[in-house]
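The next block holds one structure in the form of structure tokens; read it before the comments.
The values are calculated or read from the model by the stated rules, or taken from the named source; none is laboratory data. These numbers come from a predicted model, not from an experiment. In this analysis, Cβ positions are derived from the backbone assuming ideal geometry, glycine residues included, and neighbour counts consider all displayed protein chains.
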Amino acid sequence: MLLVLLALLALLVLLVLLVLLVLLALLLTTAAPQFDHVHDYSYGGIMRSYEDSLQRLGLNKVDALVIHDLDKMHGNETWIAAHMTQV
């Protein structure tokens, strides 16, 4: 009788773990909206990126806004010059 109860308890524990794993998987796949990664350094592009960042951070403002990826490690001189005209 004790073995049967232990087996049932083990099955119950496994079932609870399975439910928790399914809930965690659902949470991880639906928690945050997806954002497209776009290199748009126009005023509108920067403002869209800023608004997306605020939404992801759950804030209504930030103290500093940094424009990054405008260096030789992320593009060549022509690419950087083209984007700098948009800033």
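For the stretch 42-80, filtered to residues that are among the acidic types (Asp, Glu), in a loop (DSSP other than H, G, I, E, B) and at negative phi, the residue that is modelled with the highest pLDDT is ASP63. Does GLN86 qualify as being modelled with pLDDT under 90, exposed (fewer than 10 other Cβ atoms within 10 Å of the Cβ), polar (S, T, N, Q) and not in a helix (DSSP H, G or I)? Against the criterion (modelled with pLDDT under 90, exposed (fewer than 10 other Cβ atoms within 10 Å of the Cβ), polar (S, T, N, Q) and not in a helix (DSSP H, G or I)), GLN86 does not qualify. Given (1) aliphatic (A, V, I, L, M); (2) in a loop (DSSP other than H, G, I, E, B); (3) modelled with pLDDT of 70 or more, identify the lone condition not met by LEU28. Evaluating LEU28 over (1) aliphatic (A, V, I, L, M); (2) in a loop (DSSP other than H, G, I, E, B); (3) modelled with pLDDT of 70 or more leaves (2) as the failure.
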